[in-house]
Amino acid sequence: MSDKFAPLNIPHGNAICYSGYRENQNPGDDTYPDYEEIKEDLLILQKNWNLLRLYDCSPHAETVLDVIEKEKLDFKAMLGIDMAAEMSNPHCPWGAMYGDETLYENKLHNEEEIRRAIALSLRYPDIVFSVSVGNEASVEWTDHMVPVENLVAYVRKLKHSIDQPVTFCENYVPWTYKLEPLVEVLDFISIHTYPAWEYRTMEDALEFTKQNYHSVVDHYPDKPVVITEAGWTTTSNGRGIEPWNASEELQAQYYEQLLEWTDEEKILTFVFEAFDEPWKGSPDPQEPEKHWGLFNVDRTPKLVMQKLYPELRSTEDLAAG
């Protein structure tokens with residue numbers, strides 16, 4: 001098995017999802033991490049990772065690419081596009097019904113995101129190694145549903161303008177039916193798999209992850225498949241994940257199992273995620289969406305990273321051994 005992932009022509013490496021939002025920062029109100037904060041994060045991450053996944057083309061992503069270039073850091077990045085809803089979705093549990101004016105404005109936003117993705121890909125050709133046309137914009141529960149034919153059109157526009165391979169990041173389920181027309185124009189498929197969200201325990205978590213992966217691989221034997229999100233939250237208020245099924249110990253177990261399998265099989269896998277993000281989900285501090293990081297929001301390592309990063313451990317962690 002080759003050490004290079006053919007569509008990307010990059011060596012297999014450690015990959016992680018990165019958003020650098022700290023306390024009182026939120027992409028929703030345009031409060032972004034600054035250059036020095038992102039530099040601090042990337043200097044932490046470069047010890048163990050060389051591939052990053054970014055989620056949009058906002059000032060955050062632009063600063064990340066700028067830091068990598070100016071500081072001469074050894075990272076390649078998958079650039080993302082923040083797709084807004086282009087249609088209402090009555091199946092979204094928290095509400096996703098929009099008026100015509102909102103949907104029109106969202107379409108303009110998405111077209112602008114495509115333009116920014118093209119510009120950043122051309123400006124940083126040695127750093128941006130691929131572009132994702134969106135994130136979870138077709139799964140049944142999404143609040144930012146985009147019709148498949150529109151995604152196809154966006155992919156075609158990107159491929160007309162840039163040399164980097166183009167993908168789409170989505171839960172494993174839609175790939176095996178509704179996304180078949182999209183797969184025809186993609187260079188590779190990017191899937192998400194979260195055993196904890198589907199009420200799995202550590203006893204069968206890795207096997208469930210393998211099933212998710214192979215359900216897509218078997219459906220498209222001639223199309224490369226990578227994992228762009230897989231991880232385990234360390235805290236939960238019971239919303240979707242039982243509190244007993246979220247802990248640093250469980251995160252560490254899943255991370256170890258996941259990497260052992262994906263390294264052996266040379267499956268490019270972006271672990272979700274680098275740092276906790278307080279802005280996510282509900283205001284409840286125990287909201288599971290806030291706690292997927294391998295590092296806390298103060299950049300101290302959780303259990304899974306404490307051996308690798310002893311210099312970042314808190315006094316309390318060191319005292320506890």
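The values are calculated or read from the model by the stated rules, or taken from the named source; none is laboratory data. Everything numeric in this text was worked out from a predicted model, so none of it was measured. As a convention, Cβ positions derive from the backbone with ideal geometry for all residues, glycine included, and neighbour counts pool all protein chains shown. To get the accessible areas, we keep the full protein, side chains included, count just its heavy atoms, and leave off ligands, DNA and RNA. Shrake-Rupley method; radii C 1.70, N 1.55, O 1.52, S 1.80 Å.
In a GNM of the chain with a 10 Å cut-off on Cα contacts, which of P165, P90, P288 has the highest mean-square fluctuation? Residue with maximal mean-square fluctuation among P165, P90, P288: P90.
Once you've got the Cα coordinates, tell me which of K159/K302; K210/K307; K72/K210 are over 32 Å apart.
Violating the 32 Å limit, Cα to Cα: K159/K302; K72/K210.
For the stretch 91-214, the relative contact order comes to 22 percent (Cα pairs under 8 Å, sequence separation of at least 6). Per residue, the accessible area of the stretch 62-136 comes to 48 Å² when a 1.4 Å probe rolls over the protein heavy atoms.
If you run the Gaussian network model on the chain, springs between alpha carbon atoms under 10 Å, then out of D222, D163, D143 the most flexible one is D222. Counting only DSSP beta bridges with both residues in the stretch 1-85, the antiparallel share comes to about 35 percent.
Dividing the mean sequence gap of close Cα pairs (under 8 Å, 6+ apart) by how many residues the chain holds gives a relative contact order of 17 percent. As a fraction of the 1.4 Å probe accessible area of the chain, surface on carbon and sulfur atoms comes out at 50 percent. At a probe radius of 1.4 angstrom, the accessible area of the stretch 211-321 per residue rounds to 44 square angstrom. Relative to the Cα centre, the charge distribution of the stretch 175-240, modelled as +1 at Lys and Arg Cβ and -1 at Asp and Glu Cβ, gives a dipole magnitude of about 240 debye.
Would you mind telling me which residue in G99, G134, G80 has the biggest mean-square fluctuation in a Gaussian network model of the chain, where springs connect alpha carbons within a distance under 10 angstrom? In the Gaussian network model the winner is G99. Residue-wise, which Karplus ³J(HN,Hα) couplings in Hz belong to the stretch 74-84, taking 6.51 cos²θ - 1.76 cosθ + 1.60, θ = phi - 60°, and x for glycine or proline? Listing the rounded values in order: 8, 10, 10, 10, 8, 7, x, 10, 8, 6, 9 Hz.
Amide H to amide H distances under 5 Å link S190 with F168, E170, V226, where only residues 5 or more positions off or on other chains count and H is placed in the peptide plane. Find out how many positive minus negative residues lie around P243, taking Lys and Arg as positive, Asp and Glu as negative, among other residues whose Cβ is under 15 Å from that of P243. Residues close to P243 contribute a combined charge of -4.
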